[in-house]
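The values are calculated or read from the model by the stated rules, or taken from the named source; none is laboratory data. Keep in mind it's a predicted model, so treat the numbers as computed, not measured. We place every Cβ from the backbone using ideal geometry, glycine too, and count neighbours over all the protein chains shown.
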Amino acid sequence: MADFLRGFALTVQFEVKAARLTSVAGLPGLLAYPIFYSLFVVTALSSSDGRTEPSMTAFLAVGVVGMQAVSMMSQVIYRWTLERKWSLGCLKLASGVSRGGYYAGMLCVPLITLLCQGACIVVVAEVVTGFNAPIDVPALAAGSLLCGLFWSAAGCVVTAAITSYRTRDLTVSLLMTPLMFSAPTLYRLDQAPVFLKVIAAVNPLTYQLDLMRDLASGVMPAAGLAVVLGLTLVMVTLGYVSTERMRTVANEGA
């Protein structure tokens with residue numbers, strides 16, 4: 001346990017600096033997109049007759065949180081690619097950093113970022129509705145962490161599975177938009193066409209959004225929690241297994 005905690009602390013310290021979370025421009029840069037997106041898109045879509053509907057605002061705000069969780073995959077892929085390319089992961093593991101501590105530390109900073117982004121989204125939603133948006137903030141935070149953990153671990157798996165940066169970038173860029181918008185992020189699934197419902201049914205984000213919206217409204221769905229928790233455990237396990245690739249230098253060719 002001591003080795004795990006030491007490895008975790010060292011990795012988090014390094015990743016905070018790498019993500020520039022303590023710099024003047026670092027954290028504001030990460031928060032700008034979700035703030036502007038929720039301020040303009042969420043407000044516009046939830047407005048009717050010059051008024052903002054609180055329940056619709058809460059629905060859309062959770063959708064934007066889900067979109068930010070999916071985007072964590074790109075952030076993790078970028079960091080893990082650098083770790084492999086320059087043998088940083090190999091050096092850390094060879095110097096005595098435990099594999100579990102290293103893995104947990106690498107996933108921690110994206111989750112911290114997601115929490116900060118989610119907090120900004122909720123603040124915007126509350127402000128535009130006059131603090132009437134029905135959102136259980138602690139419950140939503142817990143759900144978003146579970147969702148973010150899945151996509152962060154997915155980033156580890158993608159980095160380990162696809163060594164060519166061109167193939168990896170193409171794959172991620174092609175998948176990102178369908179992942180975000182085939183799930184009911186900014187629309188209600190019961191109003192969607194059949195083909196979109198079929199795609200949404202195989203998208204993990206669909207079930208994660210259902211869970212987060214239930215939690216945000218004060219409902220604890222046992223079945224939904226079991227599904228999302230099961231998917232997350234599988235992905236986290238695969239991500240942990242993929243850390244073995246960090247012991248070798250990646251071939252970042254075409």
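Here's the yes/no breakdown for (1) closer than 24 Å to Leu205 by Cβ; (2) modelled with pLDDT of 95 or more; (3) touching a helix residue (DSSP H, G or I) at 6+ places or on another chain (Cβ under 7 Å); (4) aromatic (Phe, Trp, Tyr):
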{"residue": "Asp49", "(1), (2), (3), (4)": "no, no, no, no"}
{"residue": "Ile77", "(1), (2), (3), (4)": "yes, no, yes, no"}
{"residue": "Trp86", "(1), (2), (3), (4)": "no, no, no, yes"}
{"residue": "Cys90", "(1), (2), (3), (4)": "no, no, yes, no"}
{"residue": "Tyr102", "(1), (2), (3), (4)": "no, no, yes, yes"}
{"residue": "Ile112", "(1), (2), (3), (4)": "yes, no, no, no"}
- Query: Met56: buried (at least 18 other Cβ atoms within 10 Å of the Cβ) and out of contact with any strand residue (DSSP E or B) (no Cβ under 7 Å at 6 or more places or on another chain), yes or no?
  - Reply: no
- Give the residues of the stretch 1-44 that are out of contact with any helix residue (DSSP H, G or I) (no Cβ under 8 Å at 6 or more places or on another chain) and aliphatic (A, V, I, L, M), sorted by residue number. Met1, Ala2, Val24, Ala25, Ala32, Ala44
- Task: Report yes if some residue within the stretch 154-170 is in a helix (DSSP H, G or I), among the polar types (S, T, N, Q), more than 16 Å from the chain's Cα centre (by Cα) and loosely packed, with under 15 Cβ neighbours inside 10 Å; otherwise report no.
- Result: yes
- Could you list, in sequence order, all residues of the stretch 206-236 that are under 15 Å from the mean Cα position of the chain (by Cα) and among the polar types (S, T, N, Q)? Thr206, Gln208, Thr232
- Cross-chain or 6+ apart pairs with Cβ under 9 Å, the stretch 138-158 first and under 12 Å from Val228 (Cβ atoms) and touching a residue at least 24 places away in the same chain (Cβ under 8 Å), then in a helix (DSSP H, G or I) and basic (Lys, Arg): Gly143/Arg213
- Note on the structure: Per the list (1) assigned to a helix (DSSP H, G or I); (2) of a type in the set (Val, Ile, Thr); (3) surrounded by fewer than 23 Cβ atoms within 10 Å (Cβ to Cβ), residue check on Val70 breaks on (3)
